[in-house]
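The values are calculated or read from the model by the stated rules, or taken from the named source; none is laboratory data. Quick caveat: nothing in here was measured; it's all calculated off a predicted structure. Glycine also receives a Cβ, built like all others from the backbone with ideal geometry; neighbour counts cover every protein chain displayed.
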Amino acid sequence: MFFDYLLLALVLCGIFVSLLYSFITGISPVSSTFNSRKKIIKAISKEQEGFIYELGAGWGAVAFPLARRCPKATVVAYELSPMPWLFLKCRALLFGPSNLRILRRNFFKEDLAKASLVVCYLYPGAMMKLSSKLMIELKPSTKVISNTFEIPAWTPTLVQSLEDVMCPQIFHYKMDSAITSIHQFIDILAAMII
């Protein structure tokens, strides 16, 4: 009987913490759909090197297959919410791969300058905030792949349309062609201020 109550308390605590962090981050952890995940992974070269950052890794639907596809790269999965992060850590400890790092940190407070590739599935408000951070920190050759939501005022190099209600598009960017004019930069700054 004691273990039943303990299990119930742990489940309720987990639900409460998940709800709390959904409020803090502005969204609950939502996994990429199978179709979008497959397209994202396929679009990335098996020879990709350097640091690949997944911003808001959720339950790891992209991070784990991405790390397996790109063994020459170090995949860094950022997840702030404690329950998905704990799940990710346990899964990584049990099943690897060894080139995957799971971090429970706010990626907005991290330096992303080492990235060779950034992958994200974030809500529009976060994409707006992320836009200026990426412009300031990423190298010109860095690629960015965004599931479903485009980066405001950036010009994608490719837009993949999917027959998927939850994730209808994938946006691909390369830093040297994403921002094509100073006017776009000004539009981004103005949108952040408003």
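LYS89 meets all of the listed conditions (1) touching a residue at least 40 places away in the same chain (Cβ under 8 Å); (2) farther than 20 Å from ILE40 by Cβ but one, namely (1). So in segment 61-73, with the set limited to residues that are in contact with an Asp or Glu (Cβ under 9 Å, 6 or more places away or on another chain) and either assigned to a loop (DSSP other than H, G, I, E, B) or among the β-branched types (Val, Ile, Thr) (or both), which one is surrounded by the most Cβ atoms within 10 Å (Cβ to Cβ)? Per the stated criteria, the residue is VAL62. Please enumerate the residues belonging to segment 79-132 that are among the charged types (D, E, K, R), in contact with a strand residue (DSSP E or B) (Cβ under 9 Å, 6 or more places away or on another chain) and in a helix (DSSP H, G or I). LYS89, ARG91 - these are the residues of segment 79-132 that are among the charged types (D, E, K, R), in contact with a strand residue (DSSP E or B) (Cβ under 9 Å, 6 or more places away or on another chain) and in a helix (DSSP H, G or I). Kindly establish whether SER45 is over 15 Å from the mean Cα position of the chain (by Cα) and among the hydroxyl-bearing types (Ser, Thr, Tyr). Spelling it out, SER45 is indeed over 15 Å from the mean Cα position of the chain (by Cα) and among the hydroxyl-bearing types (Ser, Thr, Tyr). For segment 143-168, the set of residues classified as within 15 Å of the chain's Cα centre (by Cα) and either among the acidic types (Asp, Glu) or at pLDDT 90 or above (or both) consists of LYS143, VAL144, ILE145, SER146, ASN147, THR148, PHE149, GLU150, ILE151, listed by residue number.
Contact map, segment 145-166: first residue under 17 Å from ARG37 (Cβ atoms) and in contact (Cβ under 8 Å) with a residue 24 or more places away in the chain, second residue of a type in the set (Gly, Ala, Ser) and assigned to a loop (DSSP other than H, G, I, E, B), Cβ cut-off under 9 Å, separation 6 or more or different chains; pairs are ASN147/SER32; THR148/SER32; MET166/SER32.
The set of residues from segment 117-143 being surrounded by fewer than 17 Cβ atoms within 10 Å (Cβ to Cβ) and among the charged types (D, E, K, R) comprises LYS129, LYS133, GLU137, LYS139.
Summed over segment 29-57, the residues that are at pLDDT 90 or above, touching a strand residue (DSSP E or B) at 6+ places or on another chain (Cβ under 9 Å) and either buried (at least 22 other Cβ atoms within 10 Å of the Cβ) or assigned to a helix (DSSP H, G or I) (or both) give a count of 11. Restricting segment 88-116 to residues that are loosely packed, with under 12 Cβ neighbours inside 10 Å and in contact with an Asp or Glu (Cβ under 8 Å, 6 or more places away or on another chain), the residue that is nearest to MET135 (Cα to Cα) is ALA113. When GLU79 is tested against (1) buried (at least 22 other Cβ atoms within 10 Å of the Cβ); (2) within 20 Å of ILE170 (Cα to Cα), just one condition goes unmet, and that condition is (2).
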